[in-house]
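Below is one structure; the comments refer to it alone.
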Amino acid sequence: MSNKLTNEFGSGFSPVSIRRMRKFYELYPIWSAVPTELSWTHFQELIRIQRKEEREFYTEEAIKSNWGYRELNRQINTIIQT
């Protein structure tokens, strides 16, 4: 599938990217409910979080506090490591 999509649409469809896209769709199936304040890079961090409640917490905090991707990553990893 990766090769077919890359041939048809260009780069950005590596097997890892396709898995991330699929995971994103599984977690956010209703496009109109996806927070537009966050970038794809934010979502790549958020989809790593297993628990829905925790993912929602970080989503809300990232929006409310205007966290960039690096700050979101730091906040998530700070909690995970403690």
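Computed quantities for the displayed model
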{"quantity": "Extreme residue, nearest to E61 (Cα to Cα), among residues of segment 18-48 that are part of a helix (DSSP H, G or I) and hydroxyl-bearing (S, T, Y)", "calculated": "T41"}
{"quantity": "G68 modelled with pLDDT of 95 or more, of a type in the set (G, A, S) and more than 12 Å from the chain's Cα centre (by Cα)", "calculated": "yes"}
{"quantity": "Residue count, segment 1-15 (criterion: part of a loop (DSSP other than H, G, I, E, B) and either loosely packed, with under 12 Cβ neighbours inside 10 Å or among the hydroxyl-bearing types (S, T, Y) (or both))", "calculated": "5"}
{"quantity": "Answer residue from segment 16-35, given it is more than 12 Å from the chain's Cα centre (by Cα) and surrounded by fewer than 10 Cβ atoms within 10 Å (Cβ to Cβ) and is nearest to R74 (Cα to Cα) among those", "calculated": "V16"}
{"quantity": "Pick from segment 36-68, criterion acidic (D, E) and surrounded by 13 or more Cβ atoms within 10 Å (Cβ to Cβ), ranking: nearest to V16 (Cα to Cα)", "calculated": "E45"}
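The values are calculated or read from the model by the stated rules, or taken from the named source; none is laboratory data. This is a predicted model, so every value here is computed, not measured. Every residue, glycine among them, receives a Cβ derived from its backbone with ideal geometry; neighbour counts consider all protein chains shown.
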